[in-house]
Amino acid sequence: MKTSVAIACEPNRALEIEEMDLEGPKEGEVLVRIVITSLCYADVFTLSAEDLEGLFPCILGILGHEGLSRAEEVGKGVTSVKPGDNMIPLYLPEDPDFPHIKSGKTNVCQTIRQTQGAGLMPDGPSRFSYRGEQLPRYIGISTFIEYTVLTEISFAKAPKEARLSKVSVKVCAVPTEMGLCAKPRRSRWAAMSLSLNSVPPGSPNTWTQWCAPRRKS
């Protein structure tokens with residue numbers, strides 16, 4: 001299928017709104033439509049090409065890791081998600097069978113860590129294709145996109161009555177600030193994350209203002 005996407009083509013350059021190909025969900029995966037996405041300082045830092053662990057500026061990429069999505073289609077074997085559910089994409093998956101999750105002491109799940117860190121789905125491909133070139137996933141998620149596919153364990157359900165505009169920042173910004181408040185020494189990155197995610201829609205600081213106009217075909 002075709003989907004709109006905000007692509008980072010070069011470091012420190014405005015994102016470009018383009019159209020790309022997206023593979024549908026396979027076994028254990030869910031196709032979702034991104035309803036809300038937010039801008040975190042981590043996105044800005046990665047786009048700067050100063051992140052030594054990041055893939056930039058080597059290749060094209062799709063940023064974004066804070067968002068709220070709505071399930072559109074589920075793959076074979078998916079039992080915890082149904083079409084219409086409000087879903088929060090997770091950087092740290094929640095695999096109920098992983099030992100760390102079972103322990104109740106930590107939520108550091110590593111079930112798909114190896115491929116996630118490489119910007120890929122567990123079976124290898126990223127599901128993203130732009131002009132015949134595979135695009136990586138940003139920390140396994142990439143929310144600057146209209147539709148995407150993620151594994152079933154990479155979601156948390158959001159209540160139907162939740163205010164959608166407030167949910168997306170709970171993926172990263174809110175937990176970051178909670179940790180910030182619990183520690184005596186403040187983090188500059190966390191403070192920046194809070195400032196970027198607290199602005200109202202339409203503000204020059206929202207991620208949509210980072211996007212270049214759609215190219216004419």
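The values are calculated or read from the model by the stated rules, or taken from the named source; none is laboratory data. The structure presented is a predicted model; accordingly, all values stated were derived computationally and were not measured. Note: ideal-geometry Cβ built from the backbone for every residue, glycine included; neighbour counts use all protein chains shown.
Name the pairs whose Cβ atoms lie under 6 Å apart, with the first residue in the stretch 104-125 and under 21 Å from GLY24 (Cα atoms), the second hydrophobic (A, V, I, L, M, F, W, C), and 6 or more positions between them or separate chains?
Pairs that qualify, where the first residue is under 21 Å from GLY24 (Cα atoms) and the partner is hydrophobic (A, V, I, L, M, F, W, C), are PRO122/ILE112.
Run down VAL108, VAL81, VAL44 and say which single residue is part of a loop (DSSP other than H, G, I, E, B) and under 23 Å from SER165 (Cα atoms). Outline the logic, then answer.
Numbers: VAL108 fails: under 23 Å from SER165 (Cα atoms); VAL44 fails: part of a loop (DSSP other than H, G, I, E, B).
Step by step, each of VAL108, VAL81, VAL44 is checked, and only VAL81 is part of a loop (DSSP other than H, G, I, E, B) and under 23 Å from SER165 (Cα atoms).
Taking the residues in the stretch 47-71 that are within 24 Å of PRO83 (Cβ to Cβ) and part of a strand (DSSP E or B) as candidates, determine which candidate is modelled with the highest pLDDT. Walk me through how you get there before you give the answer.
Here is the first cut: in the stretch 47-71, the ones within 24 Å of PRO83 (Cβ to Cβ) are 62, 64-71.
The next check asks that each one be part of a strand (DSSP E or B); those that pass are 62, 66-71.
Values: ILE62: 90, GLU66: 87, GLY67: 88, LEU68: 89, SER69: 92, ARG70: 93, ALA71: 96.
Across the stretch 47-71, the extreme among qualifying residues is ALA71.
Can you find a residue that is small (Gly, Ala, Ser), over 21 Å from SER129 (Cβ atoms) and modelled with pLDDT of 85 or more anywhere in the stretch 1-14?
The first filter runs over the stretch 1-14 and keeps only residues small (Gly, Ala, Ser), leaving 4, 6, 8, 14.
From the residues that got through so far, the ones that are over 21 Å from SER129 (Cβ atoms) too are 14.
Now restrict to residues that are modelled with pLDDT of 85 or more: 14.
Yes: one or more hits.
For ASP95, are the conditions met, namely being surrounded by 21 or more Cβ atoms within 10 Å (Cβ to Cβ), of a type in the set (D, E, K, R) and either out of contact with any strand residue (DSSP E or B) (no Cβ under 7 Å at 6 or more places or on another chain) or free of Cβ contacts under 8 Å to residues at least 60 places away in the same chain (or both)?
Numbers: surrounded by 21 or more Cβ atoms within 10 Å (Cβ to Cβ): no; of a type in the set (D, E, K, R): yes; either out of contact with any strand residue (DSSP E or B) (no Cβ under 7 Å at 6 or more places or on another chain) or free of Cβ contacts under 8 Å to residues at least 60 places away in the same chain (or both): yes.
No; evaluated as a whole, the condition is false for this residue.
Among the residues that make up the stretch 159-166, is at least one of them outside any helix (DSSP H, G or I) and modelled with pLDDT under 75?
We begin by selecting, within the stretch 159-166, every residue outside any helix (DSSP H, G or I); these are 159-163.
Applying the additional criterion that residues be modelled with pLDDT under 75 yields none.
For the stretch 159-166, residues outside any helix (DSSP H, G or I) and modelled with pLDDT under 75: absent.
Quick one: how many residues across the stretch 95-117 are among the hydrophobic types (A, V, I, L, M, F, W, C) and more than 21 Å from THR79 (Cα to Cα)? Show your work before the answer.
First, the residues of the stretch 95-117 that are among the hydrophobic types (A, V, I, L, M, F, W, C): 98, 101, 108-109, 112.
Cutting the leftovers down to more than 21 Å from THR79 (Cα to Cα) gives us 108.
Of the residues in that region, 1 qualify.
Any chance you could count how many residues in the stretch 6-33 are closer than 18 Å to MET121 by Cα and either in a strand (DSSP E or B) or among the β-branched types (Val, Ile, Thr) (or both)?
At the first step, the residues of the stretch 6-33 found to be closer than 18 Å to MET121 by Cα are 20-33.
Applying the additional criterion that residues be either in a strand (DSSP E or B) or among the β-branched types (Val, Ile, Thr) (or both) yields 20-22, 29-33.
Counting residues in the stretch 6-33 that are closer than 18 Å to MET121 by Cα and either in a strand (DSSP E or B) or among the β-branched types (Val, Ile, Thr) (or both) gives 8.
Condition test on LEU120, is it closer than 21 Å to CYS40 by Cβ and hydrophobic (A, V, I, L, M, F, W, C)?
For LEU120, the condition - closer than 21 Å to CYS40 by Cβ and hydrophobic (A, V, I, L, M, F, W, C) - is not met.
Any residue in the stretch 130-159 that is free of Cβ contacts under 8 Å to residues at least 12 places away in the same chain sitting within a Cβ distance under 7 Å of a residue that is surrounded by fewer than 16 Cβ atoms within 10 Å (Cβ to Cβ)? List the pairs, counting only those 6 or more apart or interchain.
GLN134/PRO125
Scan LEU47, LEU52, LEU68, LEU31 and give me the residue that is in contact with a strand residue (DSSP E or B) (Cβ under 8 Å, 6 or more places away or on another chain) and closer than 21 Å to ALA14 by Cα. First the steps, then the outcome.
Values: LEU52 fails: in contact with a strand residue (DSSP E or B) (Cβ under 8 Å, 6 or more places away or on another chain); LEU68 fails: closer than 21 Å to ALA14 by Cα; LEU31 fails: closer than 21 Å to ALA14 by Cα.
Result: LEU47 is the single residue among LEU47, LEU52, LEU68, LEU31 that is in contact with a strand residue (DSSP E or B) (Cβ under 8 Å, 6 or more places away or on another chain) and closer than 21 Å to ALA14 by Cα.
Given the criteria of a type in the set (Val, Ile, Thr), assigned to a strand (DSSP E or B) and either on the phi > 0 side of the Ramachandran plot or at pLDDT 90 or above (or both), does THR148 qualify? Talk me through it step by step, then tell me what you get.
On the way: of a type in the set (Val, Ile, Thr): yes; assigned to a strand (DSSP E or B): yes; either on the phi > 0 side of the Ramachandran plot or at pLDDT 90 or above (or both): yes.
Here the answer is yes, as THR148 does meet what is asked.
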